[in-house]
1. Residues in segment B:642-667 that are more than 10 Å from chain A (Cβ to nearest Cβ) and either on the phi > 0 side of the Ramachandran plot or β-branched (Val, Ile, Thr) (or both): how many?
2. Would you mind stating whether A:LEU168 is at pLDDT 85 or above, away from chain B (no Cβ under 14 Å), surrounded by fewer than 20 Cβ atoms within 10 Å (Cβ to Cβ) and touching a helix residue (DSSP H, G or I) at 6+ places or on another chain (Cβ under 8 Å)?
3. Going by the structure shown, is A:LEU101 in a helix (DSSP H, G or I) and either surrounded by fewer than 17 Cβ atoms within 10 Å (Cβ to Cβ) or more than 8 Å from every other protein chain (Cβ to nearest Cβ) (or both)?
4. Give the residue that is surrounded by the fewest Cβ atoms within 10 Å (Cβ to Cβ), with candidates limited to residues of segment A:56-80 that are more than 18 Å from B:GLY776 (Cα to Cα), over 19 Å from the mean Cα position of the chain (by Cα) and not aliphatic (A, V, I, L, M).
5. Out of (1) at pLDDT below 80; (2) hydrophobic (A, V, I, L, M, F, W, C); (3) not in a helix (DSSP H, G or I), what's the single condition that is false for B:VAL569?
6. Considering each of A:ALA88, A:ALA23, A:ALA17, A:ALA53 in turn, give the residue that is buried (at least 16 other Cβ atoms within 10 Å of the Cβ), over 28 Å from A:ALA245 (Cα atoms) and of a type in the set (Gly, Ala, Ser).
7. If you go through segment B:117-127 one residue at a time, do you hit one that is aliphatic (A, V, I, L, M), surrounded by fewer than 21 Cβ atoms within 10 Å (Cβ to Cβ), in contact with a Leu (Cβ under 7 Å, 6 or more places away or on another chain) and modelled with pLDDT of 90 or more?
8. Within segment B:623-645, is even one residue in contact with a Cys (Cβ under 6 Å, 6 or more places away or on another chain) and under 17 Å from B:ALA782 (Cβ atoms)?
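The values are calculated or read from the model by the stated rules, or taken from the named source; none is laboratory data. On a predicted model such as this, the values are computed, not experimentally measured, just so you know. Note: ideal-geometry Cβ built from the backbone for every residue, glycine included; neighbour counts use all protein chains shown.
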Amino acid sequence: MQRPTLLGFNRHRHLKAAGLLVAVATLAYALDRPPVPSYGGTWLGYALGIVAALLVLRQLWLGVRRRHHGGSGNLQDSVSAHVHFGAALVVLATLHSGFHLGWNVHTLAYLLLLAMLASGVYGVFAYLRVPRQMTDNLGEEGFADLLLKIAELDERARAHALYLPDELGAVVMRAVTQTVVGGKVFRQMSGRQPDCPTRAAVRRLHEAGDPLDAAQSAHQRELYSIMLRKESLLIRARRDVAFRARLGFWLYLHAPLAVASVAALVAHIAATLFYR
Amino acid sequence: MSEPVTIAIIGAGPGGLSAAARAAALGVSHVLLEAAPHIANTLRRYPRAKHVMAEPAALPLRSPLSFAAGPRETVLDTWDDELRRCGVKLRVDARVTAIDGTRGAFRIALASGETLTAAFVVLAIGLQGNIRRLGMAGESLPGVQYQLDDPDEYQDETIVVIGAGDAGIENAMALTRHNEVILINRGEAIVECAEGNFNAAMAALEKGELECRHGTVVEAIEAGEADGFPLRVIANTPQGVERIRCHRVIARLGADPPRQLMESFGIAFPNADLDALPRLGAEGESSVPGLFVVGALAGCPLIKQAMNQGQDAIDRILGSPVEPVDEPMLKAKLAGFRHASSVAASLLEIQRALPLFAGLSAAQLRGVLLASTVRAPRAGEVVFQRNDYSTSFYSIVEGDVSAHVPDWETDIQLIAGDFFGEMGLISGRRRSATITAGENCTLIETPRRTMLKLLSVESVRRRIDQVAIRRAIHRYIGLFLEEHELDHLARSARIERYEAGAVLFREGDEADGLYLIRRGSVTVSRMIGGREVVLFYAAAGSYVGEMALVSGKPRYATVRAVGGSEVIVLDAAHVVWLASRHPDMRRQMDERYFDYMQAGEEEHRLATETDAARGQPENLVAFLMQQGIGEATDVLLIDLSLCIRCDNCETACAETHQGSSRLNREAGPTLANIHIPASCRHCEHPHCMKDCPPDAIHRSVGGEVFIDDSCMGCGNCMTNCPYGVIRIAAVNLGYRPPSLWRTLFGSGTASGTPPDGGCMPPKAVKCDMCKQLAAGPACVRACPTGAALRVSPEAFLEYARRKVDDGARPSLAG
């Protein structure tokens, strides 16, 4: 009862269909002997172009489909088809171009298509890899659990910091108040906070040399273990944020690229029909 | 002395009101006497807005007054209004102190000193006028009370509630909101209350909102200011005498019939018990001719029954024949019945035909039939299919049916007087056979709920058990046995019940028998590497304990009940002897023995390897059992190695269920990349169904447990569900899923915002497995990566085992 993946869904049904499409198109391209060198304007070029344009529309439909839950059918099925036909689309579009590229709107449409594909490939890669990493990272805990534990540690750290000399206490307080999980896109993606105050506090507490009395030393040792614990929690929390960003961010490229490439495609078709 | 009346009705509760309204409607001279300053005194003391129930639902109302379930205020207002309109002669503040005389000439003395005369008396004073008092020093101190009108009246007090029955617990729970409450319970545990109240009390105790002293008897209550507490309750606890300081004592000790008063009227009682009810004739007439008793004192504590009795009493006094209120309904039900002419004759016929119902009283039988349906299927019609999830119970009055099970060579014939459907009733699992009707067949189909109540009748329970044991033995192990061998084995069998976690037998024990599971499920475990590893899970319909019988050695493994379970235990020597005579039976047991040994070895290997490879001490099957998978029929689980955390499952659930999701993806336990989100598991014996006042929770033929529109939002199911998957939520009637336009461009009605239709009062919502959608559960279909799946526990265990075995291999690539 192994679960089928996106790629292997329904015994590779979509892989087979898309593969067949690519094979037929390639064969036709190889056998075609047009009077002029192959390009989008030969009969085969037109045919490939029309099929590719229809495929683009089919790909766009996923955006609607995944938000509609009333009807029948299985979203995994649609997503699997989207992935395979997306890859096939690039082959078809390339054959359609007859490898004629230049500084024009046609090539722009083609390049946008490639960029969209690249983001999609990243997406598939992320969907295949990241979920397991997320589980390995968090285990049975949730993100909220980690934040709660961090908050509890902060509470304890505050109490202990009161007994330390001002300079040392201030380092701890900075760790309590200025440690950040998440932030802007790149910060989220990186899963790090440069100059993390908690990291700094761990290092500072580790350095010996402060003139501390016995009671203060006890607090310092306690604080050191609290900060160490907090740091390891922070690493996991930030990693979780990074994983989620990796699962999500590419869609912010993929969808606008889709819109842009459709716009370029419209321009490409209009130009073709107008200037023929 | 005022003008004589024909009928004097004493007590303006439901029974008295109904009687008076009937008398007024018929134009008979009457008077309705009420001791309190208003009608329906007991109902008026219910907490504000308390839902008044109109049970039994199937019973029609026979009264000039109307009555339907609803908030206390609505019921009272309706009665006030209708009484005014129908011209009832009501006298409030008229406490009756004495009645003497007999039919035709009763003299009724009132507390005011006035005396009335009446030809007949209807006594409808109920029990609540005589609530039990503490009967000890301090019982009448200020601050010691015997009822609670408005719990919000008290704030920041320490209140001792004495009595852990329904009234006591309800009062205590209502008071915990603003006060510190100590509940005093005479017993060792809370037992004398409805399940909903029990669970509420347990939850409050666990959270520390309520304190409880079990096994405690109050000896006295003392007054005297100390540290701001005006009262001290002297309580004898198991630990010794405790003085509990408090502001207030509320004693809810129940009520007794006002015996002394009634005996002074000349009414006789059957025995000396404090709770004995007066001896009444068939028509409700007491030992005093002309004095009729209705309502709780006549053994009918429910409002609707009392109202019906009130009207009937007046009709009988006036000499009109009264047929029982359920007569027309029964007549309609029994219309299809071939031989009988009248309802009474049909009932006799049924009772003669069905030994199962022979021990029931006439009233019980009428009740059962009222809830049942009489069916006359055509010859060849399928009554139910194997693997259906229907739950009703059938008795054959006439004709015959045949039971078909695929692995049987011949079908089994059942004839008039037999019953079927008892396996589903007991196990809560799918039907084990397909039943087809024969010629001229008449069946009585009784709903599960009614049958379960009937099981408390000893004669019914015994008879069903006898037949069920024999059938279970035949069905699961005894296919090869002769009739007399089967009978013999069945006679020597006994039924054992086990609580969740209880041990049926232990590894190394002497083998005492073969255990046939007929309800619930068990785990089979062995000590491997110094700890207990669960090898298998066996559910109702399979058996355990045959390994030791086959090998002749001590028990091979330990068997524990997963949930509450029932087992038929067959005597070991007997089974071994039979197996020696029947090579087929022996072979069947041997095959199972080898299968189990192999599977056990496999499990052993996995358990040790998994530990070594992953350093994970948990036992996966044990973990799953802890999460209640054993009693589920369909679990939603999420493979975390595929889940991209998009929450599309929740969104899809919300959109297909009026905008509120019935599943919480993130909540719930996780092990080895398998996550069990908080979502209904559609248990075999759903905990939620146990205590639903309007009987709104059902199981459909497909197995889905769902809540219908009659839900009134009481929250019992939510408290009863051990998995926390039921919520009380406002249902948005006007909800529409977002349109295509909105999907594409983000404008238009936002999903989940109530449009003009507004929201219904809150109701219980839970997963219904999208039974309205032909394509199946939306959560699973909306998952883009196939991480969400719904499986039965057997398949779940299989899947989970494979996941662990996969180890570190990324499953998406696999």
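1. Total satisfying the criteria: 3.
2. Numbers: at pLDDT 85 or above: yes; away from chain B (no Cβ under 14 Å): yes; surrounded by fewer than 20 Cβ atoms within 10 Å (Cβ to Cβ): no; touching a helix residue (DSSP H, G or I) at 6+ places or on another chain (Cβ under 8 Å): yes.
Criteria not met by A:LEU168.
3. Details: in a helix (DSSP H, G or I): no; either surrounded by fewer than 17 Cβ atoms within 10 Å (Cβ to Cβ) or more than 8 Å from every other protein chain (Cβ to nearest Cβ) (or both): yes.
No.
4. For segment A:56-80, the residue satisfying everything is A:TRP61.
5. It is condition (1) that B:VAL569 fails.
6. Details: A:ALA88 fails: over 28 Å from A:ALA245 (Cα atoms); A:ALA23 fails: buried (at least 16 other Cβ atoms within 10 Å of the Cβ); A:ALA17 fails: buried (at least 16 other Cβ atoms within 10 Å of the Cβ).
Of A:ALA88, A:ALA23, A:ALA17, A:ALA53, the one residue that is buried (at least 16 other Cβ atoms within 10 Å of the Cβ), over 28 Å from A:ALA245 (Cα atoms) and of a type in the set (Gly, Ala, Ser) is A:ALA53.
7. No, there is no match, as no residue in segment B:117-127 is aliphatic (A, V, I, L, M), surrounded by fewer than 21 Cβ atoms within 10 Å (Cβ to Cβ), in contact with a Leu (Cβ under 7 Å, 6 or more places away or on another chain) and modelled with pLDDT of 90 or more.
8. No, the conditions are met nowhere in segment B:623-645.
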